[in-house]
Each structure stands twice: as structure tokens, then as C-alpha cells.
């Protein structure tokens, strides 16, 4: 209903502040019917809130969480004070930057993060060496890391200096810290990681730390990319990356 996150909802229920048809709710997993059931928090009837879809250019050093036990700045510090609740669609760790989506539409968020969607996510990555075709091929071939096989769908060289390179790496999976863990396992130093697109949505010229709503065309394009039955089947890579 766009009121809060699943974690916050479970806490409210645990504090006996939520009722369904006048009876205190005790099980966060209990099924309900949104079209029929009367849900209240602290005696106030919940109404389904207008859906919100945002794009943020997350800066480095900001954590993707509502509250941080260490007192660090969070993505919510970038929103206007009093902004309606929205949750991140997936995550970027503290050292990562770039495109982050936020919404109060939990079904839309789940469809984007669902591994079955195979939405391409594109990153610009700076590494501590000059990349050649062999290294790009190894990134695509991947390796086993802690019983998890990590690989890139595509990797290509954007530019390089004397001692470092910028790569464009495309993923079609949503594994935790996938690029960082893969490069670390290959003993490649990661200097910067910037996500520039998710499916058809591109960061474009959005300034660092800025937030804007998705346009109607962007929302439509994402819906078409994740509609049921339409998936980009990942291709096996042999030899050099595409």
C-alpha cells in the first residue's frame, strides 16, 4: 500500500500497532485482501498511496538504507524532508555510485529485482591495470566464488591510461556485490564503480546526488522490458567477450 517497507511493517506488527478489521495483527506473513480488509495503524485507516517512481544518482560514500547504526549519511538524506516513503529497488553499496531506483510500488520493485527478469545492468568500472582482451574474456568467463559462480554478460574497454582502465561491464544477474567479488577473486583492484543503466533506464545527465521522477515513457519502457514471458536468456560465453 506504499505506507512503509516490509521490515518496518514487521516491526509495527510486532509492536501490536496494526489491526485488521479491528483485531490486532500478530503474524507479518498472514494473507490479506487489499480490496476487502480494513487495515489500521495506531487506529488510523490506511489508504493506498499514489505510486511513486524515482531515479537517483547515488554519490559514493552514501549508504542505501533508511537508518544507519554508524550515523553515516543515507540515500534518504538526499530526499526532501517529509517526502513520502519510498524504498530502494535493489542496492548499491557505500563505495558504489550511480543509478538507483526508488519506489513505493513493491510489486514493480520485485519484478525488477526478480532474477527471472534478466534485466541488463550496465556499470562503468575503473580498475588498477590496463585491460587486454584476455582479461576481458576472463571477466566474462567468470569463476566460482564461495560456492557462487560469478560472471559478466559483457565486458569491454572504454579507455585506459598508463596504469588503469575504465571498463563497461554488463550484468544480467542480481547477485550481491557481484562485480566487486568477481574482480577481487581475480586479484584485480577496483577503483570506482558507477551504475549507468538498468534495463531501458539510463542515468543520463542526472547530477550526482540529484533525484527525479521517472517520465511516463520511462515507466512504460520498463514495464515492457519486465512484462511476464519476455526474458533475455543469458548467453554462454566462450573466448573473448562480446
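Just so you know, all these numbers are worked out from the coordinates, no wet-lab data involved. All values derive from a computational prediction rather than experimental measurement. Note that we place each Cβ from the backbone using ideal geometry, even for glycine, and neighbour counts take in every protein chain shown.
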What is the calculated FRET efficiency for residue 5 to residue 137, with r their C-beta to C-beta distance and R₀ = 51 Å, to the nearest 0.05?
0.80
In nm, give the distance between the simple-model label positions of residue 72 and residue 20, each being 7 Å from the Cα along the Cα-to-Cβ direction.
3.7
For a footprinting-style exposure proxy, rank 1, 186, 55 by other Cβ within 10 Å, fewest first.
1, 186, 55
If you compute semi-axes √(5λ) of the Cα gyration tensor in Å for the structure shown, which of (i) 27, 19, 18; (ii) 38, 19, 17; (iii) 31, 21, 18 do you land on?
(ii)
Would you mind ranking 97, 40, 69, 15 so that the residue whose beta carbon has the fewest other beta carbons within 10 Å leads the list?
69, 15, 40, 97
11 Å cut-off, amide nitrogen to a point 7 angstrom out along residue 206 Cα→Cβ, residues in segment 73-89:
89
